[in-house]
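Peer 1: Once you've had a glance at the structure underneath, I'll fire off some questions.
The values are calculated or read from the model by the stated rules, or taken from the named source; none is laboratory data. As the structure is a prediction and not an experimental result, all values here were calculated from the model. Cβ: placed from backbone, ideal geometry, glycine included. Neighbour counts: every protein chain shown.
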Amino acid sequence: MKKILIILAALMTMSTISVSQETKEGKPKLSVTEKQELKKDKKELNLTKAQKADLKKIKAEKKATDFKSMSKKDRKVAKKKFKARKKAVLTPEQRVKQKAINKKKKEFKKN
């Protein structure tokens, strides 16, 4: 009787572990080489100190914003405003390079 209970407990534990492992999949992770490649591409943007400071400030404000408490429409508007502010900081050449970097990052995450 004890053996049966121990076996049942072991089976239940194993099934719970396998279920919890399956549900922990999230966003696809970038490999080390992909991260290095994107970092190198970002350096090629040649951002000035002022641009870096502005982008850092915008990123901090976006991070501090509570999007979950907003309605879907307000959230969409707020995200568009942050995107427009980031775009305004970059020069036209930098925008083109940034767009290419974002596209490359998206492709890395697909694979």
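Peer 1: Kindly indicate whether any position in the range 74-83 is within 28 Å of Asn46 (Cβ to Cβ) and of a type outside the set (D, E, K, R). If you could, list the steps in order and put the result at the bottom.
Peer 2: From the range 74-83, those within 28 Å of Asn46 (Cβ to Cβ) are 79-83; that's our starting set.
So of that shortlist, the ones also of a type outside the set (D, E, K, R) come out as 82.
Checked the range 74-83: at least one residue is within 28 Å of Asn46 (Cβ to Cβ) and of a type outside the set (D, E, K, R).
Peer 1: Please name all residue pairs, on different chains or six or more residues apart, with Cβ atoms under 8 Å, provided the first residue is in the range 37-55 and is on the phi < 0 side of the Ramachandran plot and the second residue is surrounded by fewer than 13 Cβ atoms within 10 Å (Cβ to Cβ) and at pLDDT below 95.
Peer 2: From the range 37-55, the pairs are Asp41/Ala100.
Peer 1: So, one more: So is Lys79 in contact (Cβ under 8 Å) with a residue 12 or more places away in the chain and on the phi < 0 side of the Ramachandran plot or not? Quick ask: steps written out before the conclusion?
Peer 2: Details: in contact (Cβ under 8 Å) with a residue 12 or more places away in the chain: yes; on the phi < 0 side of the Ramachandran plot: yes.
Criteria met by Lys79.
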